[in-house]
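The values are calculated or read from the model by the stated rules, or taken from the named source; none is laboratory data. The shown structure was predicted, so the numbers you read here are calculated from the model rather than taken from an experiment. Because the Cβ atoms are built from the backbone with ideal geometry, glycine has one as well, and the counts that use them run over all protein chains shown. Keep in mind that these areas ignore ligands, DNA and RNA; they rest on the heavy atoms of the full protein, side chains included. Shrake-Rupley method; radii C 1.70, N 1.55, O 1.52, S 1.80 Å.
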Amino acid sequence: MEAEVHARLYASQLDPIASSTCLKALEKAEYIIEQPGKDPYWTKFGSASLAAYKGVCFRHLHKPEDAQAVLLEALTSINKDVPGGQATTLVDLGSAYAQQGKIEEACTSATQALEIITKQNKSVNTLQRVHDLRLELEPWASTSYVRNLDEQIMITHLHIAPPSLGKNV
């Protein structure tokens, strides 16, 4: 989390010290999870979590290829029984693709996240992240990929919060 804070500082201010501090924090986290022993705080922070955080950090540091590589790694090791982690990582991967101009891949990742949101976890927070990704895709709004994503976002909204049809709840 410390690394992500520094990455966000870099993204907002282009501060090279924040970038360096972010990378050092990631190295420190890597070292810690490689140590044998127990997790004294029961954080369940492991290699999949670290890969996901690295991906977010690299994305904020404007290193989308690095972000893509670690986020794909994270997706292969995230516990499939915890769909929230998968959906969030897919959105982050979509953002890395968007930074590279890979619009079809960005929309595909976002759509996969929306499927998880709809079918499994109904996460409003992850849906908000999809909306944030959609804002990144605005320059390509006229493409069929982004138009299809817009449709999927609307469908997901209906599944998460269907209209009450005039009933008082």
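Note on region 146-161: among residues that are crowded, with 17+ Cβ neighbours inside 10 Å and among the polar types (S, T, N, Q), the one that is modelled with the highest pLDDT is Q152.
For region 74-91, residues that are over 11 Å from the mean Cα position of the chain (by Cα) and either part of a helix (DSSP H, G or I) or small (G, A, S) (or both) total 3. With respect to the conditions (1) more than 16 Å from the chain's Cα centre (by Cα); (2) at pLDDT below 85; (3) of a type outside the set (K, R); (4) closer than 18 Å to A3 by Cβ, C22 lacks only one, and its number is (2). Whenever a residue of region 66-83 is at pLDDT 90 or above, its partners that are of a type in the set (V, I, T) and crowded, with 16+ Cβ neighbours inside 10 Å, lying with C-beta atoms within less than 8 angstrom and at least six residues away or across chains, give the pairs A67/V56; L71/T89; A74/T89; L75/T89. Restricting to region 92-141, and then to whatever is of a type in the set (K, R), part of a helix (DSSP H, G or I) and open to solvent by 60 Å² or more (accessible area, probe 1.4 Å), can you tell me which residue is modelled with the lowest pLDDT? Among them, the one singled out is K119.
What pairs come out if I take residues in region 7-24 that are open to solvent by 50 Å² or more (accessible area, probe 1.4 Å) and pair them with residues that are of a type in the set (D, E, K, R) whose C-beta lies under 7 Å away, six or more apart or interchain? These pairs meet every condition: L9/D15.
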